[in-house]
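S.K.: I have a structure here, written as structure tokens, and I will follow up with some questions on it.
The values are calculated or read from the model by the stated rules, or taken from the named source; none is laboratory data. The model shown is predicted, which means the values in this text are computed figures rather than measured ones. No Cβ is skipped: glycine too gets one built from the backbone with ideal geometry, and neighbour counts run over all protein chains shown.
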Amino acid sequence: MPNSAPSPVVWVITEGLAGTENQCLGIAEAMGIAPIVKRVTLRQPWKLLSPYLGFECAATFQEPLVGPWPDILIASGRKSIAASRYIKKQSQGKSFTVQVQDPRVRPQQFDMVAVPQHDPTRGDHVMVTVATPNRITADKLAHARKDFESVFKNLSSPRIAVLIGGTTKRHIFTTSEARALIQKLSPFKNLMVTTSRRTGVENTELLKSALDTHENYFWDGASSNPYMAMLATADFILVTADSTSMISEAATTGKPVYVIPMAGLTKRQTQLIENLKSYGAVRNFDGKLEHWTYPPLNDSAHIAAMIREKCGLFS
């Protein structure tokens with residue numbers, strides 16, 4: 001007989017940052033569940049002192065968090081920790097709480113913590129993945145490739161996706177660095193280039209003026225986002241070293257991923273890249289492109305499987 005048990009109710013809670021939210025959504029989607037997404041804003045003093053203050057209550061949150069409480073909570077980001085602890089308490093422990101990324105507090109406060117290798121937290125409640133979970137799947141790549149087939153039809157092989165980040169908390173991406181990047185990319189054609197908000201308007205225009213030729217594709221930032229299709233269509237993927245999320249997503253494709261060096265990397269960013277080098281997914285970009293293979297990352301599916309095993313809500 002078919003299983004008629006209802007699907008668990010899953011909440012995703014973050015601060016609203018796309019990178020952390022996509023990590024949580026990727027896990028929920030790997031479980032085959034459409035989650036309810038909530039974005040939290042904290043009141044003072046929790047806003048300033050989270051996650052160390054504790055004592056969460058209804059007044060902690062700018063927008064109230066009310067039941068019925070979820071069967072499973074997947075949360076990420078510093079401010080989401082207050083929500084995880086509050087929901088755990090209000091549900092009398094019935095909500096299975098999963099904290100994604102290093103919470104920097106005792107992992108025993110949650111039912112499960114999922115961290116990438118470059119985060120230091122370890123323990124009985126902690127699952128360690130190679131990199132960060134994401135929403136990339138073979139099916140999504142196949143659909144994206146088909147949807148944007150006409151966009152890239154004039155590019156010949158090998159097609160090269162170029163994913164450009166930019167300014168971080170530790171470093172400002174300068175115009176001189178943008179020009180240096182142009183010099184590295186100019187010898188190549190069949191480029192598919194996308195920038196981010198962190199690239200900056202001036203740098204984006206600089207890159208666009210040099211690289212937006214009839215032999216390349218440069219996303220205009222206004223039309224439908226071809227990011228997933230670029231990953232699907234590319235023979236090689238180049239990613240600036242500042243973006244851990246884009247590097248993890250690129251390595252989920254199983255295609256050769258080259259990291260373009262950037263200044264101002266944190267120890268964690270550097271460690272992620274070194275871990276993925278050891279895994280066989282990435283290499284430093286030195287102006288040459290070579291084919292190689294490796295098992296595509298599948299961190300979201302691995303975390304989803306562990307949640308299924310631990311929470312006992314799936315048959």
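S.K.: Tell me whether the range 291-303 contains one or more residues that are of a type in the set (S, T, N, Q), free of Cβ contacts under 8 Å to residues at least 40 places away in the same chain, out of contact with any Phe, Trp or Tyr (no Cβ under 9 Å at 6 or more places or on another chain) and in the same structural domain as Thr199 (by TED's automatic domain parsing). Show your work before the answer.
M.R.: Initially, the range 291-303 is screened for residues of a type in the set (S, T, N, Q), giving 293, 298, 300.
Okay, now just the ones that are also free of Cβ contacts under 8 Å to residues at least 40 places away in the same chain, so 293.
Now restrict to residues that are out of contact with any Phe, Trp or Tyr (no Cβ under 9 Å at 6 or more places or on another chain): 293.
Now restrict to residues that are in the same structural domain as Thr199 (by TED's automatic domain parsing): none.
No, there is no match, as no residue in the range 291-303 is of a type in the set (S, T, N, Q), free of Cβ contacts under 8 Å to residues at least 40 places away in the same chain, out of contact with any Phe, Trp or Tyr (no Cβ under 9 Å at 6 or more places or on another chain) and in the same structural domain as Thr199 (by TED's automatic domain parsing).
S.K.: Of the residues that make up the range 201-210, is at least one farther than 28 Å from Lys146 by Cα, hydrophobic (A, V, I, L, M, F, W, C) and in a loop (DSSP other than H, G, I, E, B)?
M.R.: No, every residue in the range 201-210 fails to be farther than 28 Å from Lys146 by Cα, hydrophobic (A, V, I, L, M, F, W, C) and in a loop (DSSP other than H, G, I, E, B).
S.K.: Among Ala234, Ala263, which is touching a residue at least 60 places away in the same chain (Cβ under 8 Å), buried (at least 17 other Cβ atoms within 10 Å of the Cβ) and under 24 Å from Arg179 (Cα atoms)? Spell out how you get there, then give the answer.
M.R.: On the way: Ala263 fails: buried (at least 17 other Cβ atoms within 10 Å of the Cβ).
Only one candidate passes the filter, namely Ala234.
S.K.: To continue, here is another question. Might you let me know whether the range 146-156 holds any residue that is in a loop (DSSP other than H, G, I, E, B), of a type outside the set (A, V, I, L, M, F, W, C) and buried (at least 17 other Cβ atoms within 10 Å of the Cβ)?
M.R.: As a first pass, look at the range 146-156 and keep what is in a loop (DSSP other than H, G, I, E, B): 148-156.
Those still in the list that are of a type outside the set (A, V, I, L, M, F, W, C) too: 149-150, 153-154, 156.
Narrowing the set further to residues that are buried (at least 17 other Cβ atoms within 10 Å of the Cβ) leaves none.
Checking the range 146-156: not a single residue is in a loop (DSSP other than H, G, I, E, B), of a type outside the set (A, V, I, L, M, F, W, C) and buried (at least 17 other Cβ atoms within 10 Å of the Cβ).
S.K.: Still on this model: Spot the failing condition for Val151; the list is (1) in the same structural domain as Phe188 (by TED's automatic domain parsing); (2) in contact with a Cys (Cβ under 6 Å, 6 or more places away or on another chain), and only one is missed.
M.R.: The number of the failed condition is (2).
S.K.: Look through Arg197, Arg122 and report the one residue that is outside the structural domain of Ala222 (by TED's automatic domain parsing) and more than 27 Å from Gly254 (Cβ to Cβ).
M.R.: Working: Arg197 fails: outside the structural domain of Ala222 (by TED's automatic domain parsing).
Just one listed residue meets the conditions, Arg122.
S.K.: Please enumerate the residues belonging to the range 86-101 that are on the phi < 0 side of the Ramachandran plot and either more than 24 Å from the chain's Cα centre (by Cα) or buried (at least 23 other Cβ atoms within 10 Å of the Cβ) (or both).
M.R.: Result: Tyr86, Ile87, Lys88, Lys89, Gln90, Ser91, Lys94, Ser95, Thr97, Val98, Gln99, Val100.
S.K.: Ser315 is checked against (1) at pLDDT 90 or above; (2) surrounded by fewer than 18 Cβ atoms within 10 Å (Cβ to Cβ) and fails just one. What number does that condition carry?
M.R.: All conditions pass for Ser315, except number (1).
S.K.: Here is a further query. Can you confirm whether Lys94 is over 30 Å from Ala250 (Cα atoms) and in contact (Cβ under 8 Å) with a residue 12 or more places away in the chain? Explain how you work it out, then say what you get.
M.R.: On the way: over 30 Å from Ala250 (Cα atoms): yes; in contact (Cβ under 8 Å) with a residue 12 or more places away in the chain: yes.
Answer is yes for this residue.
S.K.: Run down Glu56, Glu29, Glu21, Glu15 and say which single residue is in contact (Cβ under 8 Å) with a residue 12 or more places away in the chain, over 26 Å from the mean Cα position of the chain (by Cα) and surrounded by 13 or more Cβ atoms within 10 Å (Cβ to Cβ).
M.R.: On the way: Glu29 fails: over 26 Å from the mean Cα position of the chain (by Cα); Glu21 fails: over 26 Å from the mean Cα position of the chain (by Cα); Glu15 fails: over 26 Å from the mean Cα position of the chain (by Cα).
Of Glu56, Glu29, Glu21, Glu15, the one residue that is in contact (Cβ under 8 Å) with a residue 12 or more places away in the chain, over 26 Å from the mean Cα position of the chain (by Cα) and surrounded by 13 or more Cβ atoms within 10 Å (Cβ to Cβ) is Glu56.
S.K.: Does the range 237-251 hold any residues that are buried (at least 24 other Cβ atoms within 10 Å of the Cβ), of a type in the set (A, V, I, L, M, F, W, C) and farther than 12 Å from Ala161 by Cβ, and which are they?
M.R.: Listed by number, the residues that qualify are Ile247, Ala251.
S.K.: Assuming Asp286 fulfils every condition listed in (1) surrounded by 12 or more Cβ atoms within 10 Å (Cβ to Cβ); (2) without any contact (Cβ under 8 Å) to a residue 24 or more places away in the chain apart from one, which condition is it?
M.R.: Of the numbered conditions (1) surrounded by 12 or more Cβ atoms within 10 Å (Cβ to Cβ); (2) without any contact (Cβ under 8 Å) to a residue 24 or more places away in the chain, the odd one out for Asp286 is (1).
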